[in-house]
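Trainee: This is the structure I want to talk about, given as C-alpha cells.
The values are calculated or read from the model by the stated rules, or taken from the named source; none is laboratory data. Everything quoted here is computed from the prediction, not taken from an experiment. In this analysis, Cβ positions are derived from the backbone assuming ideal geometry, glycine residues included, and neighbour counts consider all displayed protein chains.
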Amino acid sequence: MKLSKRILEIHPSATVSVLGKAKTMKAEGKPVISFNAGEPDYNCPEAASKAAIDAINRGESQYTINSGIIELRKEVCAYYKKRFGLEYTPEEVLIGPGAKPLLYEALQMLVDPGDEVILFAPAWVSYVEQLHLAGGKEAIVDTLKTDLVPTKESLESAITDKTVGMIINSPSNPTGAVYDEKTMKMIADVARERDLWIIFDEIYERFVYAPAKHVNILNVAPDLRDKVILINGASKTYAMTGWRIGYALAPKSLINKMNTIQTHLTSNACSIAQWAALGAIREGDPDVEKMCKAFEERRDTILRLVREMPYVEVKDPEGSFYIFIDLRDTPIPDDIEFCEKLLEEKFVAAVPGTAFFAPGFARFSYACSMETIHEGMGRLKEFLETL
Ligand SMILES: Cc1ncc(COP(=O)(O)O)c(C=O)c1O
C-alpha cells in the first residue's frame, strides 16, 4: 500500500516511545524508574473532580459549542485578566482537547508549504513534527551556547525571507529555561521589526522558581496583540493531562479560523472535562501552589544529587519540571546510546536530547516523588561511576 510522503516523514514522539519501552519493561517485572513523564504526579484538584461529577449528574453528555462552553471561556478570560492584566473576550478564546491540537491548528492556519518558522532549540518534540505536517520548515536558533536563551544575533541570523513566525516556549520543556523580561523584549522587537507572528506556549507558566519570574510576551509588547497566539491549558497547571483541556487566546479572526479547523478535526473538547477545567481554574489555586512548592524542593534535590556525579553538567532550571543534563563529557556522549544503556542496565528511563535538537543531552522529569529521585539518581551515579 502506498503511504503518503507526509506520514513517511513524520517521527513518533520520542517522549511517548521511551515511555512505552519503560512501561513494557515494568510490565515484565523490571524495577523501572521513570524520569520521562511530562506530567505532574498529583491528582487534579478536588474542585475539578467535583465539577466533573456534577456535570455527569446533570447529563452534560452532548456536543458542546465547538469552541468550548461559554462558562469556561469566560473563566479563561478572567484568569488572564487576573494573572497578566490582559483583556480577552470569550470570542477570543478557543478550548481544545489539550494544548497540542491547538498548536496544530495554529500552525495549519499560519504556515504554507516552504514557509520557515523559528524554533528555539532545545525545543519540545512536537513543534517540528507539527510544523512539517503543515509543510513548513524549521529554522533553528540554537541556545545551547548562549545559556539556553536566544540572543539578538542568533535570532536575527536564523531569519530569512521565507521566515513567517516563531514558537516561543517559556518556561521551557526540556531545559527549564525561563526567558526574562529583557530576552522577551528583544524577541518582541525582532518580531515587530521583521513582521513575524508569535505562538507563545506558556503551558508551564505556573511552575517558575524564584528569583525567576514568568513573563508573558504581551506584557512587554502589548502592541503585538494581533500577531500573538497564546497557548495554555489545564494539563500541567492543574495536573489534568488525562482530561485533555487546552486553551488558545488570540484575536477573534484567528480564533475563528482555528475553530474552523477544529470543527473538522476533533470537534469540541470533552464536555465533562471542560466543566472539570472550569472547577480547577475557579478553585484549584491552592493545589497549584502546593505542587509548585513541591517541584521546587525536588528541583533543588535533583540538582544537588546530579552535581555530585562525575562527567555530567547541568544548568539550574528556573521553571517547568525538567532538568537537562549535559552528557557530552561522559564516556558515552551519544545521548541515545546513553539512555538505552541506562534503561537496560539500571532500569532508569530518561529522554535523549536528540529528540529536542540537542544531541549529547538527556531530559529528566522531576515530577515524581523524592524517593524516586533519590533512588533514580543513585542509580545514575552508579552508572556513571562504572563507565
Ligand atoms: C511545551 C509543551 N507544550 C504543549 C504541550 C501539550 O500539552 P497538552 O497535554 O495540553 O496537549 C506539552 C506537553 O507535554 C508541552 O510540554
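Trainee: Can you pull out every residue in segment 240-280 that is among the β-branched types (Val, Ile, Thr), within 14 Å of the ligand (Cβ to nearest atom) and buried (at least 21 other Cβ atoms within 10 Å of the Cβ)?
Mentor: Correct list: 245 only.
Trainee: Out of the residues in segment 1-51 meeting the condition of being within 22 Å of the chain's Cα centre (by Cα), among the aliphatic types (A, V, I, L, M) and part of a loop (DSSP other than H, G, I, E, B), tell me which one is farthest from residue 207 (Cα to Cα).
Mentor: Restricting to residues being within 22 Å of the chain's Cα centre (by Cα), among the aliphatic types (A, V, I, L, M) and part of a loop (DSSP other than H, G, I, E, B), the top hit is 10.
Trainee: Of all residues in segment 320-337 being assigned to a loop (DSSP other than H, G, I, E, B) and away from the ligand (no atom under 16 Å from the Cβ), which is surrounded by the most Cβ atoms within 10 Å (Cβ to Cβ)?
Mentor: Step by step, filter segment 320-337, then rank; the result is 327.
Trainee: Further question on the same structure: For residue 58, work out the one condition from (1) crowded, with 19+ Cβ neighbours inside 10 Å; (2) not aliphatic (A, V, I, L, M); (3) not assigned by TED's automatic domain parsing to the domain that holds residue 173 it doesn't fulfil.
Mentor: (1)
Trainee: Now for a different question. Among what's in segment 190-221 and is in contact (Cβ under 8 Å) with a residue 40 or more places away in the chain and in a helix (DSSP H, G or I), pick the residue that is farthest from the ligand (Cβ to nearest atom).
Mentor: Restricting to residues being in contact (Cβ under 8 Å) with a residue 40 or more places away in the chain and in a helix (DSSP H, G or I), the top hit is 219.
Trainee: Please verify whether segment 48-66 includes one or more residues that are touching a Cys at 6+ places or on another chain (Cβ under 8 Å) and either touching a residue at least 12 places away in the same chain (Cβ under 8 Å) or polar (S, T, N, Q) (or both).
Mentor: No.
Trainee: So which of 117, 149, 141 is in contact with a helix residue (DSSP H, G or I) (Cβ under 6 Å, 6 or more places away or on another chain), buried (at least 19 other Cβ atoms within 10 Å of the Cβ) and assigned to a loop (DSSP other than H, G, I, E, B)?
Mentor: 149
Here is a yes/no grid of residues against (1) touching a residue at least 60 places away in the same chain (Cβ under 8 Å); (2) basic (Lys, Arg):
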| position | (1), (2) |
| --- | --- |
| 24 | no, no |
| 34 | yes, no |
| 69 | yes, no |
| 75 | yes, no |
| 81 | no, yes |
| 84 | yes, no |
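Trainee: Taking segment 153-188 on its own, how many of its residues are free of Cβ contacts under 8 Å to residues at least 24 places away in the same chain and either within 23 Å of residue 222 (Cα to Cα) or not in a loop (DSSP other than H, G, I, E, B) (or both)?
Mentor: 4
Trainee: Tally time: how many residues in segment 361-386 are outside any helix (DSSP H, G or I) and buried (at least 20 other Cβ atoms within 10 Å of the Cβ)?
Mentor: Adding up the residues that qualify gives 8.
Trainee: For residue 80, all conditions in the list (1) assigned by TED's automatic domain parsing to the domain that holds residue 97; (2) more than 16 Å from residue 233 (Cα to Cα) hold save one; what is the number of the exception?
Mentor: Only one criterion is unmet by residue 80, namely (2).
Trainee: Restricting to segment 86-114, name every residue that is assigned to a loop (DSSP other than H, G, I, E, B) and touching a residue at least 12 places away in the same chain (Cβ under 8 Å).
Mentor: 86, 88, 89, 97, 98, 111, 112, 113, 114
Trainee: For residue 306, all conditions in the list (1) over 30 Å from residue 330 (Cα atoms); (2) out of contact with any Gly (no Cβ under 8 Å at 6 or more places or on another chain) hold save one; what is the number of the exception?
Mentor: Unmet condition: (1).
Trainee: Working only within segment 251-270, note down all residues that are within 15 Å of residue 104 (Cα to Cα), hydrophobic (A, V, I, L, M, F, W, C) and not in a helix (DSSP H, G or I).
Mentor: 269
Trainee: Consider residue 308 against the criteria (1) assigned by TED's automatic domain parsing to the domain that holds residue 119; (2) more than 14 Å from the ligand (Cβ to nearest atom): it satisfies all of them except one. Which criterion is unmet?
Mentor: Tallying (1) assigned by TED's automatic domain parsing to the domain that holds residue 119; (2) more than 14 Å from the ligand (Cβ to nearest atom), residue 308 fails exactly one: (1).
Trainee: Do we have residue 57 as closer than 27 Å to residue 127 by Cβ and more than 16 Å from the ligand (Cβ to nearest atom) here?
Mentor: no
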